[in-house]
Each structure stands twice: as C-alpha cells, then as structure tokens.
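Encoded as structure tokens, here's the structure I'll be asking about.
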Amino acid sequence: MALRLTNEGAEIHEIAILRKVDGAEMSWDEIAMLAATEDPAVEDVAEFVGAAFSPDAETPGVAVVDLEPGEYAAICFIPVGSLQGEPQDEGQGEPESESEPEAEGEGGPGASLAEAEYDPHFAHGMIQVFTVGEAG
C-alpha cells in the first residue's frame with residue numbers, strides 16, 4: 001500500500017506510521033510521547049512500519065508499507081515552527097499553549113513535552129489513528 005502525504009502548510013511535515021502491538025493498552029498520545037522522547041519502552045507497545053516526508057506543497061511524500069490487520073497511527077514528530085532550509089534544533093522549541101500532555105510520573109509513559117525539549121506537531125493534533133482489518 002502507498003500512503004501519500006500532501007503538505008498544505010508552510011512548515012515541513014512527516015508521517016511516521018506506527019502499529020500498536022497486539023495487547024498494548026497504552027493510548028496513542030502516550031505512545032507518541034514515548035517515541036518522541038526516544039524511550040526504549042516504545043518497542044514494547046508499538047512498531048515502526050514506515051514514513052513519508054513532505055517539505056512543502058510541491059513535494060508530496062510517499063510511504064510504501066505493508067499493513068497487516070491492527071491499530072495504527074500516522075504521527076508528525078517534527079517540531080512546530082520547522083521551515084524548509086532552516087537547521088533543525090529540536091532543543092529550541094517552546095510550547096505554544098498550556099494544553100500540552102501532562103506527565104504521569106517523570107520519565108514514564110506520560111513524560112511531559114518539557115522533558116522532550118521540543119514542541120512536536122502531534123501535540124497540536126497531527127496524529128491520525130486508523131485500523132486495518134482483515135481482507136475479504
């Protein structure tokens with residue numbers, strides 16, 4: 001299957017496609033935070049299956065993936081304010097609002113965005129959950 005990412009905004013975007021591991025009970029917001037903070041525990045709850053990148057409206061991204069039945073999320077981990085041609089310094093982003101996910105314990109599944117040291121697009125709604133069913 002090919003998934004096309006069309007970027008209609010001024011900032012650069014990606015879709016990282018993750019599949020929730022069967023039996024994992026963690027929410028996608030928690031899983032996204034684990035992945036964003038590069039917590040090795042993410043491997044216990046989700047697997048990376050593909051990605052696409054689109055720097056601008058003229059350059060769509062395409063991810064070619066083999067999706068088995070399960071629950072997935074397409075997530076943009078790029079920091080808010082990232083523009084094409086600018087160096088990416090993930091440690092310099094500042095949250096735009098007070099509505100960022102809260103920690104459920106330091107370094108745990110609900111690690112705060114402040115601990116992640118950047119303000120990812122997914123914290124502003126750029127996360128899409130979808131389910132792939134059995135063929136037939």
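Which far-off residues, 5 or more places away or on another chain, put their amide H under 5 Å from the one on Leu5, with H placed in the peptide plane?
Gly61, Val62, Ala63
Out of residues 5 or more away from Met126 or on other chains, whose amide H comes under 5 Å of its own, with H placed 1.01 Å from N in the peptide plane?
Result for Met126 returns nothing.
None of the figures in this text is laboratory data; all of them are computed from the coordinates on show. Since the model is a prediction, treat every value here as computed from it, not as a measurement.
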